[in-house]
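Everything on this sheet refers to the single structure shown next.
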Amino acid sequence: MRHITQDGLDLIKRFEGFSPTVYICPAGYPTIGYGHLVRDHEQDRYQQGITEQEAEDLLRRDVQVAERAVLRLIDVPLSDGQYDALVSFTFNLGAGALQRSTLRRKVNREAHAEVPPQFRRWVWAGGKRLRGLEKRRTAESGMYLRS
């Protein structure tokens, strides 16, 4: 199975940020580490918090879900930058968002010049346009183009 590069992982870490304790993310979900969504059955496990190393290990496991989704939903060859950008997008928004997106259709048509504006459409959370998501989508589209 193909894996995200260190550059891609660093991009996710930069935008997710590290939290050693559970917090509620802008979309309203309990989160810890580098964007790990805390499920109901995990509440007790994370009450005492986690270290950065534990958070990185969790991120590497969590990102595999996004990697598998990109591999399943994208039918064309991708450069490392394109793959990393799509994995970051999917990690942040979920496989369903990638699956139903115009972004995916443009990638699969290899209309690569039309892809960056599609990234930048996904900047809303909890009904609000978020500056942090605008920055993340800009970074992802830049990574996609640097292929």
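Tabulated results
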| item | result |
| --- | --- |
| Of all residues making up region 86-109, the number that are under 23 Å from PRO26 (Cβ atoms), free of Cβ contacts under 8 Å to residues at least 60 places away in the same chain and polar (S, T, N, Q) | 3 |
| Considering residues of region 8-51 that are charged (D, E, K, R), surrounded by fewer than 15 Cβ atoms within 10 Å (Cβ to Cβ) and within 15 Å of the chain's Cα centre (by Cα) only, the residue nearest to GLY126 (Cα to Cα) | ARG14 |
| Of all residues making up region 114-132, the number that are in contact (Cβ under 8 Å) with a residue 60 or more places away in the chain and either of a type in the set (A, V, I, L, M) or not in a helix (DSSP H, G or I) (or both) | 4 |
| Some residue of region 62-78 being in contact with a strand residue (DSSP E or B) (Cβ under 8 Å, 6 or more places away or on another chain), of a type outside the set (Lys, Arg) and in contact (Cβ under 8 Å) with a residue 40 or more places away in the chain | no |
| Pick from region 62-105, criterion closer than 15 Å to ARG120 by Cβ and small (Gly, Ala, Ser), ranking: surrounded by the most Cβ atoms within 10 Å (Cβ to Cβ) | ALA85 |
| Single residue of ILE32, ILE4 found to be more than 26 Å from SER141 (Cβ to Cβ), hydrophobic (A, V, I, L, M, F, W, C) and modelled with pLDDT of 95 or more | ILE32 |
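The values are calculated or read from the model by the stated rules, or taken from the named source; none is laboratory data. All values reported here derive from a predicted model rather than from experimental measurement. Note: ideal-geometry Cβ built from the backbone for every residue, glycine included; neighbour counts use all protein chains shown.
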